[in-house]
Amino acid sequence: MKLSAIWKTERRLWQVAAALLLALSLTLTHFYQDRLLNLVTGQPEITQITPPPCDLNRQACALPVMTPVASEAPWTFSISPRPIPVSAPLNFTLTPPARTLAPHAPLAAWIDLTGDSMDMGLIRIPLQQEADGRWVGIGSIPVCVTGAMRWRARLNIQLAQTTLQADWIFSAPEPDARH
């Protein structure tokens with residue numbers, strides 16, 4: 001066999017191997033896209049929790065989080081004052097159960113407020129951990145030109161392996177609270 005024929009055959013083998021490697025890479029990326037992105041960005045996966053029905057305008061709301069705790073008490077989330085006003089300072093509080101094991105304690109927590117019935121942009125309120133273990137933050141929501149508006153409060157709790165998310169819908173101001 002001639003030397004040029006050997007070089008051609010070898011070059012084609014390399015091209016086929018490169019094409020197979022590219023196809024394999026694209027296939028693996030398609031199936032493991034979220035995990036690879038989390039690995040590269042360092043962002044944990046998101047776990048959506050559906051809290052029981054609750055009216056944030058009336059009370060603190062329970063958030064049953066499946067973490068190893070000494071008691072079976074749920075976390076609670078609240079916005080005050082109640083009923084929730086617009087264009088006024090709001091206190092956001094996340095209260096954990098009495099005892100949470102250190103490996104399962106939140107690394108960060110924040111609230112994302114968005115209009116549920118109208119696009120009002122994203123209002124992000126970071127929560128800071130207090131000495132008593134509660135996570136607190138202060139923020140406000142703007143007045144909507146249409147009057148009472150439905151809002152979505154998305155609570156984000158970042159743990160080591162995942163970020164927990166829970167949503168509550170509330171109206172502000174409450175229709176009967178307007179003057």
Quiz item: Near Arg154, within a Cβ-to-Cβ distance under 14 Å, what is the net charge of the other residues, with Lys and Arg +1 and Asp and Glu -1?
Solution: 0
Quiz item: For the peptides 21-29, 113-121, what is the packing order when you average, over each peptide's residues, the other Cβ atoms within 10 Å and list the highest mean first?
Solution: 113-121, 21-29
Exercise. Pop a pseudo-label 7 angstrom from the Cα along the beta-carbon direction at both Met120 and Leu107 and give the gap in nm to one decimal.
Key: 3.1
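Where a number appears in this text, it was derived from the coordinates with a stated rule and is not lab data. Predicted model only: the values in this text are computed from it and were never measured. A quick note on method: Cβ atoms are made from the backbone with ideal geometry, for glycine too, and the neighbour counts reach across all protein chains shown.
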